[in-house]
Amino acid sequence: MADEYDFGMVGLGTMGGNLSLNIASHGYTVVGYDLDEEKVRAFDARSDALKGVNSPEELMAALKTPRRIMLLVPAGKPVDDVIAHLLPHLEEGDILIDGGNSFFKDTERRSAELEAKGIRFIGMGVSGGEYGALHGPSLMPGGQESAYREVASILEKIAAKVNGEPCVTYIGPRGAGHYVKMVHNGIEYADMALIAETYDMLSRGLGLSADELAELFEEWNRGELSSYLVEITGKIFRRRDEETGKPLVELILDKAGQKGTGKWTCQNSMDVGVPTPTICAAVEVRVISAFKEERVQASKVLSGPKPTPASDREGFTRDMRDALYAAKIIAYAQGMALMKHASAEYGYNLNLSEIARIWRGGCIIRARLLENIRKALAESPDLPNLLLAEQFRNAVMERQDALRRVVRQGAEWGIPLLAFSTALAYFDAYRSEHLPANLIQAQRDFFGAHTYRRVDKEGVFHTEWED
Ligand code: 6PG
């Protein structure tokens, strides 16, 4: 079997296995390697086009050169360990692709280290979960462009297609691919938090049952909110627990997990100096949910209002839908603005319209809305913020009253709307000619002589505030 396999896969978990089958279904042969021999055996048995091996030597010998090898192992140390494990067996010109959710700064470091050794490295965001890996994910590859060109034909074949176009494009140098995947996940967190708050308002506030919620989400999924996350949410509400017959969602413990990509997006937005409050709120929503035991205790002593029935249920449901759409646009606007500034900061040269294009299919945040975002950014690539594009400007302005009513109702009902209220506050802050930062500047100057500038004359000023 020397030199005959087209592609190598290291890490034969669900994602690695499914992506390999996807690659094989397009006429390629894949050799797979994992330290777990059982996984290797299972991989080998899955298809004639797949071959499992138990050592890096066998892996290298089986592959055509220059070798094209994808790593699908958990982010962090396992990636460094696998690279160190393979490195002595690689040759100059070989291409390594890290398809995990690696932190982009790790990818920057690995790119430099591997490039110095003549190995070409691609850090590639892969979105779409297990199903996407098998049937077509959205792919965000970054690294040396020459390396990308050598794997482009395979990636284009395995990626999801929208109107016949593959959901993959060269993202940019070094860590650019993982950077964009990180922001994708930040938007994913925001989208999920907005949907979860919608659920809270409609079930705890309005008293809708799981079946009513399912119907509503199915209806919404046929309109402008059409998206993968709205679609699966409808399916979740439909699912009954086999044992109890109750809606399964109501039996799931309300403690959200996270692996870090949303948090990285928020942390990085602070580093780059771009506000992404709804993405950060979405991380906080998960963090506060994790304090379940403490919340249970607090609920016994901290009381608040109880939701009272809304007088116009249909009207409120429509408001909720419009508020969700407006807040979703605002969350996307934050993510896009972050990428725009990060592109300049890190020299990634990101094409935001192309990124919106490859997010239209395959990935978790795929949504009808993304085609409009793609168009808006293609028409005006230098747009400072999505909220300034005519279509989105109008869409949010037309729905802002609904968004305000929802946030007000949440406050009255005592239902926490971290994501919705930050979306509204971001919109209000961004459209404000004047913000109270003049007072902050005065305070800074008062206690720390940090100086301030004036609106009526040039220069830097300091006042002795205390007489
Ligand atoms: C995707 C998902 C995927 C994964 C996240 C979940 O785009 O396919 O984002 O990457 O499901 O890592 O992240 P959390 O565990 O942090 O929710």
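Dividing the convex hull volume of the Cα atoms of region 89-221 by its residue count, what figure in Å³ per residue is obtained?
130
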Take every DSSP beta bridge with both residues inside region 7-174 and express the antiparallel ones as a percent of the total, to the nearest 5.
30
Divide the volume of the convex hull of the Cα atoms of region 278-392 by its number of residues and quote the answer in cubic angstrom per residue.
166
Area of Ser55 that stays accessible when all protein chains are in place (1.4 Å probe, Å², to 10)
20
Mind running the shape call on region 83-158? Use the C-alpha gyration tensor, a ≥ b ≥ c as the square roots of the eigenvalues: rounded below 1.5 for a/c, prolate if a/b tops b/c, oblate otherwise.
prolate
What are the ³J(HN,Hα) values, in whole Hz, obtained from phi via the Karplus relation 6.51 cos²θ - 1.76 cosθ + 1.60 with θ = phi - 60°, for each residue of region 69-79 in sequence order, with x given for Gly and Pro?
10, 9, 9, 10, 10, x, 5, x, 4, x, 5
Accessible-area composition of the chain, carbon plus sulfur, in percent [1.4 Å probe]
51
Which entries in the list Lys161/Lys235; Lys51/Lys105; Lys161/Lys328; Lys259/Lys340; Lys235/Lys263; Lys64/Lys263 go over 31 Å, if you measure between the two C-alpha atoms of each?
Lys51/Lys105; Lys64/Lys263
Provide the per residue accessible area, probe 1.4 Å, for the chain, rounded to a whole number of square angstrom.
47
Give the relative contact order (percent, whole number) for the chain; include only Cα pairs under 8 Å separated by 6+ residues.
13
Amide hydrogen neighbours beyond the local backbone of Gly172, cut-off 5 Å, H modeled:
Gly143, Gly177
Does region 325-467 classify as rounded, prolate or oblate by the C-alpha gyration tensor (a ≥ b ≥ c root eigenvalues; a/c under 1.5 gives rounded; else a/b over b/c gives prolate, otherwise oblate)?
oblate
Mind ranking 168-181, 370-383, 256-269 by how tightly packed they are, going by the mean number of other C-beta atoms within 10 angstrom, highest first?
168-181, 256-269, 370-383
Quick one, what does Rg over Rh come out to for the chain if you take C-alpha atoms and the Kirkwood Rh?
1.02
With viscosity set to 0.890 mPa s and temperature to 25 °C, compute the Stokes-Einstein D of region 7-174, Rh being the Kirkwood radius across alpha carbon pairs; µm²/s, no decimals.
157
Along each principal axis of its Cα atoms, how long is region 182-430 end to end? Whole angstroms, biggest number first, please.
53, 37, 36
How much accessible surface does His434 have with a 1.4 Å probe, in Å² rounded to 10?
130
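The values are calculated or read from the model by the stated rules, or taken from the named source; none is laboratory data. These figures come from a predicted structure and were not determined experimentally. Note that we place each Cβ from the backbone using ideal geometry, even for glycine, and neighbour counts take in every protein chain shown. Note: accessible area is taken over every heavy atom of the protein model, side chains too, but ligands, DNA and RNA are not part of it. Shrake-Rupley method; radii C 1.70, N 1.55, O 1.52, S 1.80 Å.
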